[in-house]
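This report concerns only the one structure given below.
Any read-out appearing in this document is the output of simple, stated calculations on the displayed coordinates, not a laboratory observation. In this text, all values refer to a predicted model and were calculated from it rather than measured experimentally. Reconstructed Cβ throughout: ideal geometry from the backbone, glycine too, with neighbour counts over all protein chains shown.
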Amino acid sequence: MRKRTVLITGGAGFIGSHLCQRLLGEDYRVICLDNFITGDRGNLRDFSGNKDFSLEVRDVSNYIKIPGKIDYVLHCASLASPKDYKQFPIQTLKVGSLGTHNALGLAKQKKAVFLLFSTSEVYGDPLEHPQKETYWGHVNTIGERGCYDESKRFAEAITMAYHRKHKLDTKIVRIFNTYGPKMRKNDGRVVPNFIHQALSGKSLTVYGRGGQTRSFCYIDDLVEGILRLMLSGYNLPVNLGNSRECTIMQLVKLILKLTGSQSRIDFRKLPQDDPQQRQPDITRAKKILKWEPVVPLEDGLARTISWVRG
Ligand code: UDP
C-alpha cells in the first residue's frame with residue numbers, strides 16, 4: 001500500500017520536529033517546510049537521513065508549490081514565543097494570515113486534510129476560566145501580543161471559510177503551553193528560561209509577582225493528541241493541553257527542587273497583556289479523541305532537565 005504523505009510547515013521547530021519524528025515512526029512520508037527563522041536544523045538530526053523524510057527551505061508566507069500527492073497538510077509554522085513575536089511582529093502576522101491562506105490553497109489543490117495549529121492565545125487574557133472552545137476570548141488587538149493572537153484568530157476564520165465554502169476537511173487544534181526537549185536555549189518561554197537559569201546558577205527571572213497561572217503539557221502528550229485529531233472526523237476547534245494549573249512561583253519551586261539549584265529569584269516587570277490565568281477545559285478532547293495527558297509535570301520537567309544537561 002502507498003505510504004501516506006504529510007506536509008508539515010514549521011517542521012524544524014519544537015513541536016514540528018517532534019511531530020515529524022512521530023509520523024516517520026508511524027510509517028508516513030514527511031515533507032518538512034521551514035524558513036529557519038526560529039526552527040533549528042539540529043531538531044532534524046535524528047531523522048534527516050530517513051528516506052521518507054525531505055526538507056524544503058522556504059517561507060510559507062509566499063505561494064507554496066509542491067509536486068506529487070499529499071494526504072495531509074499540517075500548518076504548524078509560526079513564531080510562538082512572546083519574545084519572538086515581539087521581535088518579528090510582521091513575520092508573525094504574515095505566517096498566520098498569508099501562510100495559512102497558502103497552506104489551505106495547497107490542501108485544496110491536493111485534496112488533502114488540513115490541520116491548523118492554533119493557540120490558547122485566541123482566548124487572550126481570558127475572562128472565563130477554565131477556557132472552553134465555546135469561549136470567544138478577550139484580546140487586545142493593538143497590544144504587543146496582538147500580532148500573534150489576531151493572526152491566529154484570522155487563521156481560524158479562514159480555515160472555517162475553506163471548510164464551509166470549499167468543503168475542505170479541516171481541523172483546528174488550540175495548543176496550550178507545551179514544553180519538553182528541543183526547546184531552544186534562548187526560546188524566551190518560561191520553562192526553558194527557568195531550567196537554563198537554574199542549571200547555570202543564574203537568578204530565575206519571574207515576570208510580575210509570579211501569581212499568574214499556566215497549565216503545562218509535555219510534548220509527547222501533545223503530539224499524541226494532534227495525531228488523533230488529524231485522523232479524526234472532527235472539524236471544530238479542540239483544546240489540547242494539560243489541565244493541571246500552576247502559578248509561575250510554583251513552577252519556580254519545582255524547577256529549583258528538580259535541578260537542586262540554589263539560584264535566587266529576580267522579579268522583573270510583567271509584560272503587557274500577560275494573561276493572568278490559563279487553563280484548558282479538555283472535555284471536548286476527552287470525548288472526541290479519547291485523549292488526555294498522561295505525563296505528570298514533575299516527570300516531564302525531569303526529562304526536559306536531563307535533555308538540557310545532556
Ligand atoms: N515568565 C516569567 N519568566 C520568564 C518567562 C516567562 O515569569 O523568564 C512568565 C510570563 O510572564 C508568563 C508565563 O511565565 O506569565 C508564561 O510565559 P511564556 O513566555 O512561557 O508563554 P505564554 O504563556 O505567556 O505565551
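Along region 304-310 the Karplus relation, 6.51 cos²θ - 1.76 cosθ + 1.60 evaluated at θ = phi - 60°, assigns HN-Hα couplings of 5, 4, 5, 5, 4, 4, x Hz to successive residues, with x for each Gly and Pro. Karplus-based coupling profile of region 184-192, in residue order and whole Hz: 5, 4, 9, 4, x, 7, 5, 5, x, with θ = phi - 60° in 6.51 cos²θ - 1.76 cosθ + 1.60 and x standing for Gly or Pro.
Full extension of the chain segment joining D27 with R268 gains 82.1 nm, where the gain is 0.36 nm per residue of separation less the Cα-Cα distance. From least to most packed, judged by other beta carbons within 10 angstrom and beginning with the fewest, V122, V6, V57 follow the order V57, V122, V6. Between K132 and R58, the modelled label-to-label distance comes to 4.2 nm, taking each label 7 Å out from Cα in the direction of the beta carbon.
Computing Rg and the Kirkwood Rh from the Cα coordinates of the chain gives a ratio, Rg/Rh, of 0.95.
Dividing the mean sequence gap of close Cα pairs (under 8 Å, 6+ apart) by how many residues region 42-196 holds gives a relative contact order of 26 percent. A cut-off of 5 Å between modelled amide H atoms, ignoring neighbours fewer than 5 places along the same chain, links L55 with C32. With contacts taken as Cα pairs under 8 Å at a separation of at least 6 residues, region 210-310 carries a relative contact order of 45 percent. Length available on full extension from K253 to N140: 0.36 nm per residue minus the Cα-Cα distance, which gives 37.5 nm. Within region 79-150, report the chymotrypsin sites (Phe, Trp or Tyr not before Pro) that DSSP leaves as loop and that have at most 12 other Cβ atoms within 10 Å. Answer in residue order: W136. The H on the amide N of T5, modeled in the peptide plane, is under 5 Å from the matching H of R29, D71, Y72, each at least 5 residues off or on a different chain. Could you give me D for region 240-304, from Stokes-Einstein at 20 °C and 1.002 mPa s, where the hydrodynamic radius is the Kirkwood radius over C-alpha pairs? Units µm² s⁻¹, please. Roughly 150 µm²/s, to the nearest whole number. Each 10 Å bin from 0 upward holds the following percent of the Cα-Cα pairs of region 180-248: 16, 38, 30, 13, 3. The long axis of helix 146-166 is offset from the longest Cα principal axis of the chain by roughly 30 degrees.
So what is the relative contact order of the chain, in percent, for Cα pairs below 8 Å that sit 6 or more residues apart?
Relative contact order comes out at 17 percent.
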